[in-house]
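Only one structure is covered here, and it is reproduced in the block below.
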Amino acid sequence: MGNKIFDTILTRKIENFVSTFVDDSKSLFYNETQKLIHPGEFGRYRENSIKELLKMLTQYKVSDGFIITSKEGVSKQCDIIIYDNEDLPILDDNFINFFTIESVVAIGEVKSKLDHTNFSKALRTLAENKKLSDDIDGVVKKQHNPKCTEYDLPVSFLVFKEASFELNNINFEKIYEGIDRKYWHNFILSIEQGYFAYSFGFKNLQEPERTEFINKNVNINSGATFEYSYLTFGLNKYASTPYFEGINKLNKFDHIQMFLAGISQAISNKTLFKSHILHYSNLEQAQILNSKK
């Protein structure tokens, strides 16, 4: 049924976000000849607008910067980093933020208008940053489901104003060529066109999961929307299918609400890890050497 007060506040927040991202940023950072001025500030202005919206939907902190791992891994710069503020404090160096991979809950890229080449580049950048989760070396603090490894990786998303190409016929297999499916994005939002999530048809289930679903009176010919590029059911893992949902003419913000709801759900499922400062410093090796003396 929902709550009218919450829905009203969320709608107002989304209205402010769209106005800031699309209208204000253009009037503030383009001159009379429609030439972009101060591109760096233009990008930060848009990034801050989505940060403010995300803060409403998560208990975690929202920032930007770089991800580091205890195995010398360093990410490319992340426009959005949602992190567990109860883990190690942010490491900063001359106003640049660094976050341990164990503390990272979600990462995002924020863009303006994208052609297919830059769209693909943004997704591959997200995937490369997501790969740093292979270096996670911490104790589990919270785990939604130990069998579902999809919950262990940071949630990843791309937000942009619009694309210069058709979004309903994208070959993601080609875009992610050479990249394991588990590193694919979770969500994509085009503010002026729609959003991407994943779907899975239960008819694709194998045994014993297929029989288990039937015994639970689940329509095996139905399906559901999911937040992940692959899913764990019982003993098996299944690939889900990216799908595009355009703007609902009856509710122009419906796609943004669905995007935010998906992000919120995925974040709540995310496995949390505890960073260990000894793994990131030379202290651990020094202690081992000293203990042998």
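The values are calculated or read from the model by the stated rules, or taken from the named source; none is laboratory data. Since the structure is predicted, the reported quantities are computational estimates derived from the model, not experimental observations. Note: ideal-geometry Cβ built from the backbone for every residue, glycine included; neighbour counts use all protein chains shown.
Number of residues in the stretch 62-95 that are surrounded by 17 or more Cβ atoms within 10 Å (Cβ to Cβ) and at pLDDT 90 or above: the value is 16. Note on the stretch 49-153: enclosed strands (runs of 3 or more DSSP E) holding 3 or more residues that are β-branched (Val, Ile, Thr) and out of contact with any Cys (no Cβ under 9 Å at 6 or more places or on another chain) are 78-83.
In this structure, is residue 73 on the phi > 0 side of the Ramachandran plot and of a type in the set (Gly, Ala, Ser)?
Numbers: on the phi > 0 side of the Ramachandran plot: no; of a type in the set (Gly, Ala, Ser): yes.
In short, no.
The residue pairs whose first member lies in the stretch 194-217 and is farther than 30 Å from residue 246 by Cα, whose second member is of a type in the set (Val, Ile, Thr), and whose beta carbons are closer than 8 Å, counting only pairs six or more residues apart or on different chains, are 210/220; 213/220; 214/220.
May I ask you to list the residues in the stretch 96-110 that are of a type in the set (Phe, Trp, Tyr) and buried (at least 22 other Cβ atoms within 10 Å of the Cβ)? Within the stretch 96-110, just 99 meets the criteria. Under 17 Å from the mean Cα position of the chain (by Cα) and among the hydrophobic types (A, V, I, L, M, F, W, C) - does that describe any residue in the stretch 165-173? Yes, the conditions are met somewhere in the stretch 165-173. Considering 113, 161, 203, the condition of being touching a strand residue (DSSP E or B) at 6+ places or on another chain (Cβ under 9 Å), of a type in the set (Lys, Arg) and buried (at least 18 other Cβ atoms within 10 Å of the Cβ) is satisfied by 161 alone.
Counting only residues that are of a type in the set (A, V, I, L, M, F, W, C) and outside any loop (DSSP other than H, G, I, E, B), which one in the stretch 162-188 is farthest from residue 269 (Cα to Cα)? Steps first, please.
Going residue by residue through the stretch 162-188, those that are of a type in the set (A, V, I, L, M, F, W, C) are 163, 165, 167, 170, 172, 175, 179, 184, 187-188.
Those still in the list that are outside any loop (DSSP other than H, G, I, E, B) too: 163, 172, 175, 187-188.
On the way: 163: 30, 172: 24, 175: 27, 187: 15, 188: 18 Å.
Checked the stretch 162-188; the qualifying residue farthest from residue 269 (Cα to Cα) is 163.
Residue 186: surrounded by fewer than 20 Cβ atoms within 10 Å (Cβ to Cβ) and either out of contact with any Cys (no Cβ under 7 Å at 6 or more places or on another chain) or of a type in the set (Gly, Ala, Ser) (or both), yes or no? Explain how you work it out, then say what you get.
Details: surrounded by fewer than 20 Cβ atoms within 10 Å (Cβ to Cβ): no; either out of contact with any Cys (no Cβ under 7 Å at 6 or more places or on another chain) or of a type in the set (Gly, Ala, Ser) (or both): yes.
No: the conditions fail for residue 186.
Do we find that residue 274 is touching a Lys or Arg at 6+ places or on another chain (Cβ under 8 Å) and among the charged types (D, E, K, R) in this structure?
Working: touching a Lys or Arg at 6+ places or on another chain (Cβ under 8 Å): yes; among the charged types (D, E, K, R): yes.
Here the answer is yes, as residue 274 does meet what is asked.
Residues in the stretch 189-208: is at least one farther than 20 Å from residue 81 by Cα, part of a strand (DSSP E or B), charged (D, E, K, R) and at pLDDT below 95? No, the conditions are met nowhere in the stretch 189-208. Beta carbons closer than 7 Å, at least 6 apart along the sequence or on distinct chains, pair a first residue in the stretch 254-271 that is under 12 Å from residue 152 (Cα atoms) and touching a residue at least 40 places away in the same chain (Cβ under 8 Å) with a second that is surrounded by fewer than 18 Cβ atoms within 10 Å (Cβ to Cβ) and among the hydrophobic types (A, V, I, L, M, F, W, C) for 271/140. Of all residues in the stretch 43-56, those that are surrounded by fewer than 18 Cβ atoms within 10 Å (Cβ to Cβ) have Cβ atoms under 6 Å from Cβ atoms of residues that are modelled with pLDDT under 85 and in a helix (DSSP H, G or I), 6 or more apart or on another chain, in 45/25. Report yes if residue 128 is within 23 Å of residue 257 (Cα to Cα) and charged (D, E, K, R), otherwise no. Spelling it out, it is not the case that residue 128 is within 23 Å of residue 257 (Cα to Cα) and charged (D, E, K, R). Contact map, the stretch 229-251: first residue among the β-branched types (Val, Ile, Thr), second residue modelled with pLDDT under 95, Cβ cut-off under 6 Å, separation 6 or more or different chains; pairs are 232/147; 232/148.
Kindly check whether there is at least one residue in the stretch 202-218 that is over 30 Å from residue 279 (Cβ atoms) and within 20 Å of the chain's Cα centre (by Cα).
The first filter runs over the stretch 202-218 and keeps only residues over 30 Å from residue 279 (Cβ atoms), leaving 202-218.
When the remaining residues are screened for being within 20 Å of the chain's Cα centre (by Cα), the result is none.
Looking through the stretch 202-218, none of the residues is over 30 Å from residue 279 (Cβ atoms) and within 20 Å of the chain's Cα centre (by Cα).
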